[in-house]
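Undergrad: What follows is a structure written as structure tokens; I'll ask about it next.
The values are calculated or read from the model by the stated rules, or taken from the named source; none is laboratory data. Quantities reported herein were computed from a predicted structural model and do not represent experimental measurements. All Cβ positions, glycine included, derive from the backbone under ideal geometry; neighbour counts span all protein chains shown. With ligands, DNA and RNA removed, areas are computed over all heavy atoms of the protein, side chains included. Shrake-Rupley method; radii C 1.70, N 1.55, O 1.52, S 1.80 Å.
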Amino acid sequence: MSQAPAPGRPREPRIDAEVLAVTREMLIELGWDRLSMRGIAARAGVGRAALTRRWSSKEHLVLDALLGSAPDLEPYDGIDRRGWIEWVVTGSAELFARPDVRAALPGLLTALRDHEDLRNALWRTFSGPSTALFSEDTDRGALDARAVLVMAAGAALFGSLIAAEDDTPALRARILEILLPVADR
């Protein structure tokens, strides 16, 4: 979730890509608590100032490294409402199963709890474009899409962290089966 580009020299995409990759690697190696902007800058071979011009905080950098600055809508190309729900359930489970995401979750959950601006930006940036593909511009459709998104992502998060021994393909298939009737409303 990078911020608007700062005035001055244009951003170097190679630096962004390297920093984001290093951030993901270091999350897995060190975990959230030991991850620092200084350490990321050193390993990526960039100055700390280059990081802070691009990302105002570790939280912003980590979210960008894990999710990108905008949602990837490619999986939704050419699918109907049922396919949308299937992808939301599958994509959520895949996201929360990633080792870099799992390493970041404790710190990110705290950061999102404590920083309303970050939490609101995350929700708007990722729910808006995704739910628009489902909702067909109706209030009820938009509410249904947000509800499915919350239930699927919440179930994936809970399953990966708390109900890990029951987080099986069979359970995810049942969650999908419960959510799919929303597509026919």
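Undergrad: Find the accessible area per residue for the chain; the probe is 1.4 Å, ligands and nucleic acids are left out, and the unit is Å². If you can, show how the numbers build up before the last one.
TA: Numbers: 10370 Å² over 185 residues.
Accessible area per residue: 56 Å².
Undergrad: Moving to a separate point now. Please state the relative contact order of segment 117-185 as a whole percent: Cα pairs under 8 Å, 6+ residues apart?
TA: Reported as a whole number, the value is 19 percent.
Undergrad: Once phi is turned into ³J(HN,Hα) by the Karplus curve 6.51 cos²θ - 1.76 cosθ + 1.60 with θ = phi - 60°, what whole-Hz value does each residue of segment 54-60 show in order, with x for glycine and proline?
TA: 8, 10, 6, 7, 4, 4, 5
Undergrad: Could you give the length gained by full extension between I28 and D184, i.e. 0.36 nm per residue of separation minus their alpha carbon distance, to one decimal place? Write down the numbers at each step before the final one.
TA: Working: separation 156, 0.36 × 156 = 56.16 nm, distance 4.04 nm.
52.1 nm is the gain from fully extending I28 to D184.
Undergrad: Would you compute the Debye intensity of segment 144-185 from its alpha-carbon atoms alone, equal scatterers and no solvent, and pass along log10 I(q)/I(0) at q = 0.29, 0.34 Å⁻¹ to two decimals?
TA: -1.01, -1.17
Undergrad: May I ask you to give the average projected area over all directions of the convex hull of the Cα atoms of segment 47-185, in nm² rounded to one decimal? Show your work: numbers first, answer last.
TA: Numbers: hull surface 37.3 nm².
The Cα convex hull of segment 47-185, projected and averaged over all directions, gives 9.3 nm².
Undergrad: On full extension of the chain, what length is gained from D72 through S36, given 0.36 nm per residue of separation minus the C-alpha to C-alpha distance? Don't jump to the answer; show the numbers that get you there.
TA: Working: separation 36, 0.36 × 36 = 12.96 nm, distance 2.68 nm.
Stretched out fully, the D72 to S36 stretch lengthens by 10.3 nm.
Undergrad: Considering only protein heavy atoms and a 1.4 Å probe, what is the carbon-and-sulfur percentage of the accessible area of the chain?
TA: 55
Undergrad: Put +1 on the Cβ of each Lys and Arg and -1 on the Cβ of each Asp and Glu in the chain; which of A104, G39, A147 then has its Cα farthest toward the positive end of the dipole?
TA: G39
Undergrad: Under the definition of Cα pairs under 8 Å and six or more residues apart, what whole-number percent is the relative contact order of the chain? Each step should come with its number before you reach the end.
TA: Values: 159 pairs, mean separation 46.6, N = 185.
Averaging sequence separation for qualifying contacts and normalising by length gives 25 percent for the chain.
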